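Take a look at the structure below.
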Amino acid sequence: MSENLEQQKVTKREHPIAKVMGWLLTAACLLWLGWMARALAPQKAAEASMPSAAMMGGAGGAPPVEVQAVTEEEVNLPNTYIGRVEPIQDVELRAQVGGYIKSIHFKEGADVKAGDLLFTIDPEQYEARVAVRKAEIGQAEALLDRAERYLNRLERSDARAITQADLDTARSDVAQGRAAVKQAVANLALAEFDLKHTRIFAPIDGRIGRTVANVGDYVMPSLGALVRIVQTDPIRIAFSVTDKDYLKALEKIGTNRVEDVLRIRYRLPTGTVSDLIGTYDFEDNTMSADTATMSVRARFSNPNGLLVPDGYVTVLVDFAKPPKAPVVPQEALLTDSEGHFVYVVDEAGIVQRRSVTSGMIPDGRVALRSGVKAGERVVVRGVQKVAPGKPVTTASAKEADGK
């Protein structure tokens, strides 16, 4: 009896410690359960958001893919070349005679027309030379007239009254007189030529540049060019075509049908593509041995002056009448050791592998020269899930993007 009482006292003394330990153990269990709940929540949410295995093409199900119909479009991706702008005509004007510049009749940088007066060299000395030459002609003609009259008198005289030497001398004087007249006429022509070249005219239409001579400057032929005129409209763009591109074009269309088959445009350094179509002008008669390129020139109208001589532009060469071809998104085109191919889904939802021949790639799409036709559906997403001859479930790429 006494032992039971002693045990109850001990139990009553130990009871508060056990109670505290129980609370701590309970709290630890609750914390562990909360942490596990938070860790498992994303996994359960992902599992809840996933469709069933049958819907997602699990074991025994058809895998889902996105498809897009093949379209037939005009494919006209241009070949690009670096082009240099050059004038069709340009001329450097030089003084033909020496003299002082009397007047200048143009503004530097202005457009001029053929026949416009540009410079006037002081003409006084040349006008005087013309007058002298005209006087020399009169003098020579007078001497010739006297010699001819004297010869006529001798020829009408009695042969016994004159000597043969006198007759020969008279005839020689006439011949010399005629030669003197011709020489005087030629001297007048030279003097008039010099006088004419005291006025310098523009030989072509174009834009005139900076002049090296001012009013009062003495100029002469040895001074060099006084000013340069370049033709700006029409104008020419020269660009080099690789031997491969040149020969390929020659094989397909020849040089006589370039304008009918090809379209030549240009892009300015600002990025602007001109609406003007160039005219094939000519090509060099030899291939460059250093660069294996053929220099080609195209002529353009230049009403706004956007093509500046010696400037650079990008030449765009494409088809005047672009061909149509089946086009698919670039992600539909696959490649392996056998070459390019696409996966085509037929009406029954069965996948077919089609070998294709690819062409140009404009704007993230691929033009195909063979293998598919317009209207067929190609797999664009989910290609890793499909196999030739197996069924798939399809959704259009537009619908998938909308979701």
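Among the residues of the range 100-125, those that are basic (Lys, Arg) and either assigned by TED's automatic domain parsing to the domain that holds Asp310 or in a loop (DSSP other than H, G, I, E, B) (or both) comprise Lys107, Lys113. Here is the figure for the range 339-377: residues that are assigned to a loop (DSSP other than H, G, I, E, B) and either at pLDDT below 85 or buried (at least 18 other Cβ atoms within 10 Å of the Cβ) (or both) total 10. Residues of the range 225-263 being over 14 Å from Ala298 (Cα atoms), basic (Lys, Arg) and surrounded by 14 or more Cβ atoms within 10 Å (Cβ to Cβ), which ones? Hit for the range 225-263 is Arg228, nothing else. Among the residues making up the range 301-338, those that are part of a loop (DSSP other than H, G, I, E, B) and polar (S, T, N, Q) are Ser301, Asn302, Asn304, Ser337.
Pairs are defined by a Cβ separation below 8 Å, a sequence spacing of at least 6 or placement on different chains, a first member in the range 180-208 that is in contact (Cβ under 8 Å) with a residue 12 or more places away in the chain, and a second member that is buried (at least 19 other Cβ atoms within 10 Å of the Cβ) and among the hydroxyl-bearing types (Ser, Thr, Tyr); the pairs so defined are Ala191/Tyr126; Asp194/Tyr126; Leu195/Tyr126; Thr198/Tyr126; Gly206/Thr232; Arg207/Thr232. Considering only residues in the range 199-214 that are surrounded by fewer than 16 Cβ atoms within 10 Å (Cβ to Cβ) and of a type in the set (D, E, K, R), the one that is nearest to Ser103 (Cα to Cα) turns out to be Arg199.
The test for being on the phi < 0 side of the Ramachandran plot, among the β-branched types (Val, Ile, Thr), loosely packed, with under 13 Cβ neighbours inside 10 Å and at pLDDT 90 or above does not hold for Val219. Candidates are the residues of the range 67-99 that are of a type in the set (S, T, N, Q) and assigned to a loop (DSSP other than H, G, I, E, B); the one that is farthest from Gly224 (Cα to Cα) is Asn76. Could you grab me the full set of residues in the range 291-340 that are over 23 Å from Asp363 (Cβ atoms) and without any contact (Cβ under 8 Å) to a residue 12 or more places away in the chain? Those that are over 23 Å from Asp363 (Cβ atoms) and without any contact (Cβ under 8 Å) to a residue 12 or more places away in the chain: Asn304, Asp336, Ser337.
Condition (residue is outside the structural domain of Pro269 (by TED's automatic domain parsing), closer than 30 Å to Gly371 by Cβ and surrounded by 13 or more Cβ atoms within 10 Å (Cβ to Cβ)) applied to the range 134-146: is it met by at least one residue? Scanning the range 134-146, I find no residue that is outside the structural domain of Pro269 (by TED's automatic domain parsing), closer than 30 Å to Gly371 by Cβ and surrounded by 13 or more Cβ atoms within 10 Å (Cβ to Cβ), so the answer is no. As a summary of the residue check, Val181 satisfies the conditions (1) buried (at least 19 other Cβ atoms within 10 Å of the Cβ); (2) under 60 Å from the mean Cα position of the chain (by Cα) except for the one numbered (2).
Of all residues in the range 197-219, exactly one satisfies the criterion of being within 15 Å of Pro123 (Cβ to Cβ), aliphatic (A, V, I, L, M) and part of a loop (DSSP other than H, G, I, E, B), namely Val215.
Being at positive phi and loosely packed, with under 12 Cβ neighbours inside 10 Å holds for only one residue in Asp310, Asp290, and it is Asp310. For the range 277-300, a residue qualifies if it is touching a strand residue (DSSP E or B) at 6+ places or on another chain (Cβ under 8 Å) and part of a loop (DSSP other than H, G, I, E, B), and the qualifying residues are Ile277, Gly278, Asp284, Met287, Ser288, Thr291, Ala292. Within the range 378-403, if we keep just the residues that are in contact with an Asp or Glu (Cβ under 6 Å, 6 or more places away or on another chain) and part of a helix (DSSP H, G or I), the residue that is modelled with the highest pLDDT turns out to be Ala397.
Within the range 304-318, is even one residue closer than 30 Å to Asp90 by Cβ and among the hydroxyl-bearing types (Ser, Thr, Tyr)? The answer is yes; a qualifying residue exists.
The values are calculated or read from the model by the stated rules, or taken from the named source; none is laboratory data. Since the structure is predicted, the reported quantities are computational estimates derived from the model, not experimental observations. Backbone-built Cβ (ideal geometry, glycine too); neighbour counts: all protein chains shown.
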